[in-house]
Amino acid sequence: MRFMMLLTASEALPDMGTYNEQLAKAGVLLDLSGLQPNGARVKFSGGKAQVIDDQGSIAGYWLIQARSKEEAIEWAKRVPFLDGEIEIRGLFELTNDVV
């Protein structure tokens, strides 16, 4: 199963590179990136779109391959945060029948 771990944090930590290496060496890391804070959201109401400047609470993400949500949670618990939060979401897996 693939899981996206979305992170919010006030600052990057030097230990984050070591954590990323651990994910890679374990073979669970599929992708990762930091996100720029100067984004936008498009909100829909009554069929109309409204653009909202967004300073971004999501600082980055990891896309990992794990056997279960519990395993993904265990990886998230190892993130070297002093302060922050990680949201874990499973991805819907497409089959050849759908594509």
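The values are calculated or read from the model by the stated rules, or taken from the named source; none is laboratory data. In this text, all values refer to a predicted model and were calculated from it rather than measured experimentally. Methodologically, a virtual Cβ is constructed for each residue, glycine included, from the backbone with ideal geometry; neighbour enumeration extends over all protein chains shown. To get the accessible areas, we keep the full protein, side chains included, count just its heavy atoms, and leave off ligands, DNA and RNA. Shrake-Rupley method; radii C 1.70, N 1.55, O 1.52, S 1.80 Å.
The residue that is modelled with the lowest pLDDT, counting only those in the stretch 53-86 that are open to solvent by 40 Å² or more (accessible area, probe 1.4 Å) and hydrophobic (A, V, I, L, M, F, W, C), is LEU82. Taking first residues from the stretch 47-59 that are acidic (Asp, Glu) and partners that are open to solvent by 90 Å² or more (accessible area, probe 1.4 Å), the Cβ contacts under 7 Å between residues at least 6 apart in sequence or on separate chains come to ASP54/ARG41. Looking only at residues in the stretch 18-37 that are under 16 Å from MET1 (Cα atoms) and in contact with a strand residue (DSSP E or B) (Cβ under 8 Å, 6 or more places away or on another chain), the one that is most open to solvent (accessible area, probe 1.4 Å) is LEU30.
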